């Protein structure tokens, strides 16, 4: 009996020495039994020693949720932490951090993602672009879509900027938006043989009495017959200016007016309809227009803008 107890003490001391010698082995757990020394799956944690060395699994999640902030999942010989939707696991394997919606795929935004709350965001586009109806994608903004780009006549979009152009017979003014009628008679572009009458966007050559205009619209040829001035009677039917030609009276209108369909009556041109330089309000007047501003604004010195 004494020898048996001595062997038990020696075994116990041997196990303690073994445990002390292996205490530095990472992740190794041991259990000491009075009648023997057993390893709990050497190199693995999460097992206890029972009679017959059956090694039943220890549920680490039962104690303090395994140290997990959200959810603890027990596994054979170990456990792991999981996070709720909208969170991600920290490097410590236990803490859960909120995932911002912009951090995942830029929130689905093509350009910029602006975080409003942890789970809500909105998409923004870079300058020169506008957000599409899906609220995510951006398309280049057409600068001519807004008030014709500020152009009086034609607007051309080039590289996201509005470039104004004028109809034939007009010249782009210094503001690069307004169009001014070119007086072809004054510049010599008309090259009329006798007289020249400037019209809005064009011109008309006229001939002296006893001459008629040729087919080229510029040269004048003597008429070998009695000349009857077609403008003498009732001004040729013209409401304003009348010039005699071989084909009959040629009616003309002063600046700011244009011939009606009857080619005799002059009607006022709605200058506001041609998208003038007015920034806010435009009031048409006989032969011209005038810019105005809304309440609280005053007209700039250029006669177009409001400040």
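Read-outs throughout are calculated quantities, based only on the coordinates presented, and are distinct from any laboratory measurement. Please read these numbers as outputs of a predicted model, since none were measured by experiment. Neighbour counts are summed over all protein chains in view; Cβ atoms, including those assigned to glycine, are modelled from backbone coordinates with ideal geometry.
Listing 90, 153 from the residue with the fewest other Cβ atoms within 10 Å to the one with the most, what is the order?
By the 10 Å Cβ count, ascending, the order reads 90, 153.
Using the beta-carbon distance between residue 116 and residue 139 and R0 = 22 Å, what value does 1/(1 + (r/R0)^6) give for FRET efficiency, to the nearest 0.05? Can you show the working numbers first?
Details: r = 23 Å, r/R0 = 1.05.
The pair residue 116/residue 139 has a calculated efficiency of 0.40.
Take residue 90 and residue 260, extend 7 Å from each Cα along the Cα→Cβ direction, and tell me the distance between the two endpoints in nm.
A separation of 8.6 nm, rounded to one decimal place.
What distance in nm separates the two pseudo spin-label positions at residue 297 and residue 73, each 7 Å out from Cα along the beta-carbon direction?
It is 6.2 nm.
First check a/c for region 192-268, with a ≥ b ≥ c the square roots of the eigenvalues of its C-alpha gyration tensor; if it is under 1.5, answer rounded, and if not, answer prolate when a/b is larger than b/c or oblate otherwise.
Numbers: a/c = 2.62, a/b = 1.42, b/c = 1.84.
Oblate, since a/c reaches 1.5 and b/c is not below a/b.
Note down the nm distance, to one decimal, between modelled labels 7 Å out along Cα→Cβ at residue 176 and at residue 159.
1.1
Specify the inter-centroid distance of region 141-205 and region 235-304, based on alpha-carbon positions, in whole Å.
16
Sort 78, 101, 285 so the one with the fewest other Cβ atoms within 10 Å of its own Cβ comes first.
Values: 78 16, 101 21, 285 11.
Ordered from fewest to most neighbouring Cβ atoms within 10 Å, 78, 101, 285 come out as 285, 78, 101.
From the alpha carbon gyration tensor of region 60-99, can you work out the equivalent ellipsoid semi-axes (sqrt of 5 times each eigenvalue) and give them in Å, largest to smallest?
18, 9, 8
Going by C-beta contacts inside 10 Å, put 206, 267, 99 in order with the fewest on the left.
Neighbour counts put them in this order, fewest first: 267, 99, 206.
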